[in-house]
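Asker: So that we are looking at the same thing, I have put the structure below in structure tokens.
All of the numbers you see were taken from the coordinates with simple rules; none came from a lab. Please read these numbers as outputs of a predicted model, since none were measured by experiment. Neighbour counts are summed over all protein chains in view; Cβ atoms, including those assigned to glycine, are modelled from backbone coordinates with ideal geometry.
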Amino acid sequence: MLLIAGSEMAKVSERLRAALKLPAKRAVSSFSLVSSDGMVLMEVTAIEFRGENLAMKGKMMGAMPTVAYVRPKEFRKMLSMVSAPVVKGLPGFLWRAMRSQPSETAEKVNSSGK
């Protein structure tokens with residue numbers, strides 16, 4: 001097993017980013033959960049643990065401040081829903097996310113992404 005200290009990991013990450021010609025790491029202040037027609041359902045501004053639960057803070061439908069909780073039992077159910085094709089598609093999904101430009105985040109989700 002390879003162990004890399006935090007500062008070394010940051011250096012490796014930056015070298016990899018430069019080698020792949022990826023944009024400089026940018027701070028993320030929020031991300032959006034969107035419907036198939038591109039409507040923002042929830043803008044998530046923070047994810048943290050509150051007790052045993054995972055809490056996602058944000059705004060629902062652009063107006064209602066809320067905190068959505070995921071309990072350990074529900075998280076386990078969510079993981080059981082992840083199929084082999086989803087796991088197989090995650091590296092490509094991550095690659096597209098790393099290559100995307102900030103302006104692309106406002107695009108509508110196409111119907112093939114359902």
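Asker: In whole Hz, with x marking every Gly and Pro, tabulate ³J(HN,Hα) for the stretch 42-51 from phi via Karplus 6.51 cos²θ - 1.76 cosθ + 1.60, θ = phi - 60°.
Answerer: Karplus-based 3J(HN,Hα) across the stretch 42-51 equals 8, 9, 8, 9, 7, 10, 8, 8, 10, x Hz.
Asker: Same structure, new question: Determine ³J(HN,Hα), in whole Hz, for all residues of the stretch 71-81 in sequence, where each value follows from phi through the Karplus function 6.51 cos²θ - 1.76 cosθ + 1.60 and θ = phi - 60°; x replaces Gly and Pro.
Answerer: 7, x, 4, 5, 5, 4, 4, 4, 4, 5, 7
Asker: Under 13 Å from the Cβ of Ala46, count the other residues' Cβ atoms, weight Lys and Arg +1, Asp and Glu -1, and hand me the total.
Answerer: So the surrounding residues net to +1.
Asker: Let me ask something else. Would you mind checking Lys57/Lys77; Lys11/Lys77; Lys11/Lys88 for any pair whose Cα atoms are more than 32 angstrom apart?
Answerer: Result: Lys11/Lys77 exceed 32 Å.
Asker: Follow-up. Going by average Cβ density within 10 Å per residue, which order do the peptides 86-99, 44-57 take, highest to lowest?
Answerer: Working: 86-99: 10.1, 44-57: 12.6.
Descending mean neighbour count gives 44-57, 86-99.
Asker: Let me ask another. When Lys and Arg each count +1 and Asp and Glu each count -1, what net charge do the other residues less than 14 Å away from Leu94, Cβ to Cβ, add up to?
Answerer: +4
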